[in-house]
Amino acid sequence: MKGYLFIFYYLALEKTTIANVILLIYTALIFSVVLAAIFLHEKIEKRTLVAIVFSFIGVLIVSDPAQIKINPQQFYGSLFALLGGFFYSAMAISSKSLTQKTTPLYAAFWQYFIIIILSFVFSLPNRPALIFNNIVPLLYLGWAAGGLAFLLYMKGIAKVKGQIIQVITMLEIVIGSLSGIILLGEKLNLPTIIGGIFILFGIFIVSAKRENNFFVILIGIGPMFTG
């Protein structure tokens, strides 16, 4: 599922605007509720739906509505982003189901092992010098932004309801924005602040007064490494 997410995500970036991709990829918020009800037999909570509304509004504000394009030229890119959103949610729900049968470490290892096999063919056309010249960022992406982040993610989702996983992972937008400010010197603008507040409020709604808040935090820690 994660492999399909990456494929459709990058195909979408080639065909449409970043704003379109961000907005449509996070339709995973909606897909996850439907898939959790179907495959995990969860009763959808009202606060989950309220949190999704707040989080999606936050995504809409951060993605800059003025940059969203709706026209025939953007159709395939938007379709790929929408498919990416579906597989994003499908990855979360299938991972949740998998952690009920085995350990998070085992589940994370085999998912990444399969991704390596599927992605290997795409790395063949690249020159060895290109890989060696970028070995440091590649290693970081592999062990921290990939492996460690996903392991924490798997440990977290093993203990929380499937319907709230995607709401919590919206934290990656906030962390990504903060990373850009701290590491890249980007300026913090008003839409990012307002959108971030909406997203954080959505996360607060689904996590408040839960006994498993520690595991909610684990799901949110992962984006710190990917940001």
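The values are calculated or read from the model by the stated rules, or taken from the named source; none is laboratory data. For clarity, every value in this text was computed on a predicted model and none was experimentally measured. Ideal geometry is used to build each Cβ from the backbone, glycine not excepted, and the neighbour counts take in all protein chains shown.
Structural remarks
- Segment 9-19, residues that are assigned to a helix (DSSP H, G or I) and surrounded by 23 or more Cβ atoms within 10 Å (Cβ to Cβ): Ala12
- Residues of segment 63-90 satisfying the condition of being at pLDDT 85 or above and of a type in the set (A, V, I, L, M): Leu79, Ala81, Leu82, Leu83, Ala90
- Segment 165-191 - residue that is outside any helix (DSSP H, G or I) and without any contact (Cβ under 8 Å) to a residue 24 or more places away in the chain and, of those, farthest from Phe54 (Cα to Cα): Gly185
- For Glu42: the one exception among (1) within 17 Å of Ser97 (Cα to Cα); (2) surrounded by fewer than 18 Cβ atoms within 10 Å (Cβ to Cβ): (2)
- In segment 53-76, the residues that are outside any helix (DSSP H, G or I) and either surrounded by 14 or more Cβ atoms within 10 Å (Cβ to Cβ) or in contact with a Lys or Arg (Cβ under 8 Å, 6 or more places away or on another chain) (or both): Ser63, Asp64, Ile68
- Single residue of Phe80, Phe31 found to be surrounded by 22 or more Cβ atoms within 10 Å (Cβ to Cβ), farther than 17 Å from Ile203 by Cβ, among the hydrophobic types (A, V, I, L, M, F, W, C) and in contact (Cβ under 8 Å) with a residue 40 or more places away in the chain: Phe80
- The requirement of being at pLDDT below 75 and assigned to a helix (DSSP H, G or I) is fulfilled somewhere in segment 151-164, by at least one residue.
- Taken over segment 35-52, residues that are in a helix (DSSP H, G or I) and in contact (Cβ under 8 Å) with a residue 24 or more places away in the chain amount to 9.
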